[in-house]
1. Hey, can you tell me all the residues within the range 45-83 that are closer than 17 Å to ARG112 by Cβ and in a helix (DSSP H, G or I)?
2. Return the residues of the range 35-44 that are within 19 Å of GLN131 (Cβ to Cβ) and either more than 15 Å from the chain's Cα centre (by Cα) or in a loop (DSSP other than H, G, I, E, B) (or both); say none if nothing qualifies.
3. Among the numbered conditions (1) surrounded by 15 or more Cβ atoms within 10 Å (Cβ to Cβ); (2) touching a helix residue (DSSP H, G or I) at 6+ places or on another chain (Cβ under 8 Å); (3) closer than 16 Å to ALA126 by Cβ, tell me where HIS114 comes up short.
4. If you take the residues in the range 1-17 that are in a helix (DSSP H, G or I) and in contact (Cβ under 8 Å) with a residue 12 or more places away in the chain, which one is surrounded by the most Cβ atoms within 10 Å (Cβ to Cβ)?
5. Of everything in the range 96-112, what is closer than 16 Å to GLN20 by Cα and of a type in the set (S, T, N, Q)? Give them in sequence order.
6. Filter the range 47-66 down to the residues that are charged (D, E, K, R) and surrounded by fewer than 16 Cβ atoms within 10 Å (Cβ to Cβ) and list them by number.
7. Out of all the residues in the range 1-58, which are small (Gly, Ala, Ser) and either touching a His at 6+ places or on another chain (Cβ under 7 Å) or modelled with pLDDT of 95 or more (or both)?
8. Could you list all residues from the range 67-105 that are buried (at least 18 other Cβ atoms within 10 Å of the Cβ) and touching a His at 6+ places or on another chain (Cβ under 8 Å)?
Amino acid sequence: MSKLIYILNGPNLNLLGQRQPEIYGRGTLADVETDCTTLGKDLGLEIRLLQSNHEGQIVDWIHEARDAAAGIIINPAAFTHTSVALLDALNTFDGPVLEVHISNVHKRESFRQHSYVSLRADGVIAGCGLQGYALALRRMAVLTEAKEA
Ligand code: DHK
């Protein structure tokens, strides 16, 4: 049976493809979902991609993932830099956590260079565009396999 991986997305990522395409590209979150679903089939992973503009909703999904998911891939977007609540929620999750940023946050404003989520993440991918999600999924396949070995 496929392992379930949650792919959680924070604020404004519903506007991917329209919002600052010079930074975030022209692909949409629906494109990410399609690509990750296809790749997931090859990797033996089922994906559930979710997006919210509300911090508490993402906290609730992380709690849900505690029982439902083998791993979490998260692009917390702006909550990366502000949210102790997301860090605390991720610290209640036992499986692997991978943090994705579409842009290279280290090349941008200084406030984007601190991540609360990185204090929990097992790996971070930044600056690889939307491909970052697929890269994270490949890494997740290794990490969730290793857990069972
Ligand atoms: C997305 C956002 O919306 C920003 O707030 C982050 C992140 C960077 C990204 O690159 O995916 O600072």
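The values are calculated or read from the model by the stated rules, or taken from the named source; none is laboratory data. Quick caveat, the model's predicted, so the values are computed rather than measured. For neighbour counting, all protein chains shown are included, and Cβ atoms are generated from backbone atoms with ideal geometry for every residue, glycine included.
1. Selection gives ALA77, ALA78, PHE79, THR80, HIS81.
2. THR38, LEU39, LYS41, ASP42, LEU43
3. Among (1) surrounded by 15 or more Cβ atoms within 10 Å (Cβ to Cβ); (2) touching a helix residue (DSSP H, G or I) at 6+ places or on another chain (Cβ under 8 Å); (3) closer than 16 Å to ALA126 by Cβ, HIS114 violates only (1).
4. LEU13
5. Correct list: SER103, ASN104.
6. Selection gives ASP60, GLU64, ARG66.
7. Those that are small (Gly, Ala, Ser) and either touching a His at 6+ places or on another chain (Cβ under 7 Å) or modelled with pLDDT of 95 or more (or both): GLY10, GLY17, GLY25, GLY27, ALA30, GLY40, GLY44, SER52, GLY56.
8. Residues satisfying the conditions are ASN75, THR80, ALA89.
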